[in-house]
1. Relative to the Cα centre, what is the charge dipole magnitude of the chain, using +1 at the beta carbon of each Lys and Arg, -1 at the beta carbon of each Asp and Glu, and rounding to the nearest 20 debye?
2. Packing-wise, with mean Cβ within 10 Å as the measure, how do 122-131, 24-33 rank, highest first?
3. Pick out, in residue order, every one of the GluC sites (Glu not before Pro) in the range 333-365 that is DSSP loop and has at most 16 other C-beta atoms within 10 Å; say none if there are none.
4. How do the peptides 56-68, 146-158 rank, highest first, by the average count of neighbouring beta carbon atoms within 10 Å per residue?
5. With the chain treated as a Gaussian network of Cα nodes joined by springs under 10 Å, which of His174, His230, His17 yields the largest mean-square fluctuation?
6. Rounded, prolate or oblate for the range 90-141? Axes are the square roots of the Cα gyration tensor eigenvalues, ordered a ≥ b ≥ c, and the cut-off for rounded is a/c under 1.5.
7. When only DSSP loop residues count, what trypsin sites (Lys or Arg not before Pro) in the range 290-374 have their Cβ near at most 11 other Cβ atoms within 10 Å?
8. Using the number of other C-beta atoms within 10 angstrom as an exposure proxy, rank Ile204, Ile270, Ile224 with the fewest first.
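Values in this text are rule-based calculations from the coordinates and carry no lab data. Quick caveat: nothing in here was measured; it's all calculated off a predicted structure. As a convention, Cβ positions derive from the backbone with ideal geometry for all residues, glycine included, and neighbour counts pool all protein chains shown.
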Amino acid sequence: MFEFLNHKFDQETFTAHFYYRDINSIEYQETIKFTKTDFDFLGQNAKTLDRALDLAHIIIGVSYYKSHPTSQVTSSYALDSWQANFFNKVYQEGLSQFAYENDLTRDNLAHFQSSTPDNTLSENEDYYHAQGILAGESGGKDSLLVSKILQNNQLSWTGAMISSTNNYPKILDHIGAQKLQIIIRKIDTKNLQKANGLNGHVPITYINMAILLVQAILNGDSIILTSIGHEGAEPHAFIGDLLVNHQWSKTWEAEQLFADYTRRYISKNIKIGSPIRQFSELKIAELFVKNCWAEYGHQFSSCNVANYKQGNDNSKLSWCGLCAKCANSYLLFAPFLEPAELDSIFENQESLFEKPELADDFKGLLGLDGIMKPFECVGEIDELRAAYHMKKPGYKNLPFDIPASTFDYRKEYPAQNLLELNYAK
């Protein structure tokens, strides 16, 4: 069995420790250093914090579980059937790319079992009544757009970035947040190397949401904002009844589930979700150009290769110009920026449409020649085809034909009403 052992929280240092043991009896310790605050999280609020740490303990464990996956998991937590189904989705749908790349099926992945009747909070157990906004930050277009929307609506909020070091994109010093918190996550790489097991993608958005939830309670915040548009649901493949995609934890289904878990088991007074969920990726690119480009266009990046790997110094963000994320961003911005302006953010100011190294990435993004859509957070195939055909005059054409698309990028999708906001559409 994979075991969720226990967790500890040091009230002096604001450091949480999460402990696990895999099927080979290798033990792991993850350490997360939260930002110190003056909010009184002791007394009744301590119970809310502990419930959030329980949730984080199980979700973060996926990073260690994946080394030697097994269907059998155990912990001291008494889960009801709703909770068991929730964690089964995290460890099955959330690991679908990992399963695909390692020839696993749903049967090989974790199966949590319920051991108690309904475990939801009663009115008498929910003491958390704080107020404030915490927004996750990264330096990418989505989180910068959310920050600009909050700023334009004259709202006060705290920005928070989860990093493996003290480094963070310096652009975050200029987003209008009242405070910026850097949360340091230390993965137990030493024991993961010792385990010498499987590797692959995890539901990182859920991990980040669980960490932000803890920080929000330490702050005394009641609204936690992610920065996710309409994305994540388009499948790459199937493993039986398991839909394979890169980022299940970014989907609308996943957002609703996390919000429901929070209401049921943490506090009904905490809301979590994305204020740009209703917009397509292409619409978000348009909003970013209208609201943010003049200020952030030459400082932001959505390139993981250049900026967001473990240990990278990402204080100044950049673009590699050679990955699927760069190709995806190029497609999304081409309808709204002149070619010279878009090319100028990449090294050597080259048109990405003319780079032969990106030909297969573009084919995957645009659904051509049987090439699989890249396992990255990218737009939908029809959406990106529409973007290509909407590109401003002056862009070079790709050296292959792109099918037409009827994708309506202005369509609005279901979303939670977390805040009454003016989006400057």
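1. 560 debye
2. 24-33, 122-131
3. Within the range 333-365, the qualifying GluC sites (Glu not before Pro) (loop, at most 16 other Cβ atoms within 10 Å) are Glu350.
4. Highest mean packing first, the order is 56-68, 146-158.
5. Of the options given, His174 has the highest mean-square fluctuation.
6. Because a/c hits 1.5 or more and a/b fails to exceed b/c, the range 90-141 counts as oblate.
7. Taking the range 290-374 and a limit of 11 other Cβ atoms within 10 Å, the loop trypsin sites (Lys or Arg not before Pro) found are Lys309.
8. Working: Ile204 17, Ile270 21, Ile224 26.
Neighbour counts put them in this order, fewest first: Ile204, Ile270, Ile224.
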